[in-house]
Amino acid sequence: MLAWFGIEPKGVFYLNLFENVGNHHPQMNKTKLAHYLDPSLPRYHHILGVVRNMHDLLPRIKISQKWKSLLIDACHLHDIGYSTKLNQYNYHQLDGAIFASKQGYPKCIIATLLFHSCAFEGVLYSRPDLKEIYVHHLSLLDDKDRMFIDLVSYCDLHTTATGERTTLQERIDDVAVRYGEEHEVTKIMFANEPIFEEIIARVKTMIKG
């Protein structure tokens, strides 16, 4: 069960997604993913592209084999919150993290789904109703969580909407073309570009020459 740590007068619940996590590790793959997202849609192929990019990245960084397996699962799961079956808050990072918490995934995966690709900054920009959920969980992140968030974000930022490898600038330009420069999604991407660059720089320090 998810734990509740407060209720606003407007009825917004604040979840403690990390309270009951354990070592249970239900692996996600493209077949299971297809139960939540239509394989004919670009989002499904974007996710598989992020998984491929992580597979390419992992041999170049020094981390344990167990963590590598967790990172692959985190990539498979990172956008699962877009599934209409899981939508509660209309914010895919939070909806995905709720799903992962209910399924018993480890804290590092839940944290990655919740915070990947500047989700917190997006909340500050456009979803003040979710701010306290994020502030609470931000205070509970440890170094492992932050590393997982960086690595999955790195792969996400280097994957197009249809799953091909790309650069950060190409990714941002593509969002502007698809949504329009005045769209909220584009504005958030532009605003977060310096933070994206910091994420990429941190990951590059982990990559073996």
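Computed from the coordinates by the stated procedures, all read-outs in this text should not be read as laboratory data. None of these values were measured; they are calculated from a predicted model. Cβ coordinates were reconstructed from backbone atoms using ideal geometry, including for glycine residues, and neighbour counts include every protein chain displayed.
A few points about this structure:
- The stretch 15-108 shape via C-alpha gyration tensor axes, a/c threshold 1.5: oblate
- Residue pairs exceeding 28 angstrom between C-alpha atoms, taken from 30/144; 32/204; 131/187; 102/208: 32/204; 102/208.
- Peptides 77-90, 30-43 ranked from most to least packed, by the mean per-residue count of other Cβ atoms within 10 Å: 77-90, 30-43.
- Cα-derived Rg to Rh of the chain, Kirkwood definition: 0.94
- In this structure the amide hydrogen of residue 159, modeled in the peptide plane, comes within under 5 Å of the amide hydrogens of 166, none closer than 5 places in sequence on its chain.
- Ranked list, fewest to most other Cβ atoms within 10 Å of each Cβ, for 196, 190: 190, 196
- Label-to-label distance, nm, for residues given as residue 206 and residue 87 (7 Å Cα→Cβ offset): 3.2 nm
- Distance between the C-alpha centres of the stretch 109-147 and the stretch 48-100: 15 Å, rounded to the whole angstrom.
- Total charge dipole magnitude, the chain, about the Cα centre, Cβ charges on Lys, Arg, Asp, Glu only, Debye to nearest 20: 860 debye
- Relative contact order for the stretch 3-206, counting Cα pairs under 8 Å that sit 6 or more residues apart, in percent: 23 percent
- 5 angstrom amide H check on residue 15, placed H, neighbours 5+ away: none
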